1. When you go through (1) within 14 Å of chain B (Cβ to nearest Cβ); (2) within 23 Å of residue B:105 (Cβ to Cβ); (3) at pLDDT 95 or above one by one for residue A:45, which number turns out not to apply?
2. Just give me the residues in region A:48-82 being over 17 Å from the mean Cα position of the chain (by Cα) and modelled with pLDDT under 95, in sequence order.
3. If you check B:200, B:127, which single one turns out to be surrounded by fewer than 21 Cβ atoms within 10 Å (Cβ to Cβ), under 25 Å from residue B:53 (Cβ atoms) and in the same structural domain as residue B:85 (by TED's automatic domain parsing)?
4. Wholly within region A:58-102, which strands (runs of 3 or more DSSP E) include no fewer than the required count, namely at least 1 residues that are away from chain B (no Cβ under 13 Å) and surrounded by 16 or more Cβ atoms within 10 Å (Cβ to Cβ)?
5. What tally of residues in region B:103-129 results from selecting those that are outside any strand (DSSP E or B) and either in contact with a strand residue (DSSP E or B) (Cβ under 8 Å, 6 or more places away or on another chain) or facing another protein chain (nearest Cβ under 7 Å) (or both)?
């Protein structure tokens with residue numbers, strides 16, 4: 001066997017084995033909201049007009065974690081329905097309901113879209 | 001005021017013009033500081049500053065004679081200003097940050113002014129130069145359900161007593177269905193029931209109006225906001241004689257007591273002043289009226 005090829009395969013294998021494997025992202029509410037905001041790994045729900053600070057932590061299905069060296073970003077597929085702003089700290093984001101509708105929020109890790117979380121913006125609550 | 005000193009004021013042509021311009025500016029409130037109150041942002045990185053428009057008195061949060069208050073709720077249709085000052089100890093950009101409304105369906109911004117459009121909770125975002133959200137403040141927008149004519153936040157009036165020649169300022173307070181006052185400058189319409197008895201001496205579209213008693217009699221003053229309206233009676237009384245302190249009745253008839261007096265009262269004072277009172281009635285009225293003009297009554 002070609003020694004170079006064997007070395008490349010070994011290196012790739014080691015690199016893959018040491019990387020986290022994306023499973024889901026936990027979203028934790030980081031600010032008080034005057035009305036209920038629902039956050040789960042599969043669903044975001046908030047009324048139009050509300051802004052919610054969330055902390056996004058991608059979870060790995062293997063033993064390797066998404067440590068602080070992994071760049072995480074949230075991105076709305078329809079910023080006219082729900083917009084996402086960067087928050088004051090790393091992995092903090094502000095979700096803002098703009099108008100009633102549905103979209104999804106992409107979880108971007110190291111510039112790759114890991115998944116898109118369904119998002120619903122409800123009518124404003126009075 | 002340095003504006004009016006020096007040659008300008010002595011110039012017969014420009015002096016009156018400058019005085020007029022200054023009076024207009026003062027009347028419009030376009031100079032001077034705006035009342036404000038602060039509340040910390042929900043992320044704890046600084047303070048939001050609520051400011052009433054320079055037309056002071058048009059906003060219940062800044063009623064004349066009271067401290068400005070950061071409102072719990074803002075009237076739908078209300079206009080206001082909001083600024084944000086970051087905490088010097090925070091890691092974020094220092095100083096004043098831009099404030100942007102979250103949803104244009106609920107709040108819009110034009111220049112420094114925010115307009116609350118529809119009922120609901122609306123977030124205002126304090127943004128740094130790179131559009132990072134430094135802080136958040138939710139405001140509650142509520143449709144006004146009633147109007148109260150008031151002298152202050154805590155003193156509704158059910159009848160205005162004013163003397164001939166006297167000027168007085170009254171306010172309107174929008175309230176929600178639970179009676180809580182609502183902030184924001186709104187476009188009101190004030191109307192005197194009889195302009196020959198009661199004149200409106202200031203812009204009649206603000207949250208406050210200056211009224212002047214012209215002639216003795218009874219009339220009304222009404223204020224409206226869209227489909228909401230409120231009207232209260234106004235009693236214009238004879239002017240008080242500045243030398244004696246007694247009122248100078250302009251008619252020769254003996255007045256009947258304007259309060260709930262049904263006895264044979266020959267009182268010449270509509271407010272039962274004790275100095276000239278020959279009242280022989282047997283009612284239990286213990287008024288010690290000091291002629292403050294406005295008589296309040298809980299709404």
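The values are calculated or read from the model by the stated rules, or taken from the named source; none is laboratory data. The shown structure was predicted, so the numbers you read here are calculated from the model rather than taken from an experiment. For neighbour counting, all protein chains shown are included, and Cβ atoms are generated from backbone atoms with ideal geometry for every residue, glycine included.
1. (1)
2. A:62, A:63, A:64
3. Details: B:200 fails: in the same structural domain as residue B:85 (by TED's automatic domain parsing).
Going through B:200, B:127 in turn, the sole match is B:127.
4. Numbers: elements: A:72-76, A:82-86, A:92-97.
Those strands (runs of 3 or more DSSP E) span A:72-76.
5. Initially, region B:103-129 is screened for residues outside any strand (DSSP E or B), giving B:103-106, B:111-112, B:117-119, B:128-129.
Restricting the remaining residues to those that are either in contact with a strand residue (DSSP E or B) (Cβ under 8 Å, 6 or more places away or on another chain) or facing another protein chain (nearest Cβ under 7 Å) (or both) gives B:103, B:105-106, B:112, B:117-119, B:128.
Residues in region B:103-129 being outside any strand (DSSP E or B) and either in contact with a strand residue (DSSP E or B) (Cβ under 8 Å, 6 or more places away or on another chain) or facing another protein chain (nearest Cβ under 7 Å) (or both): 8 in total.
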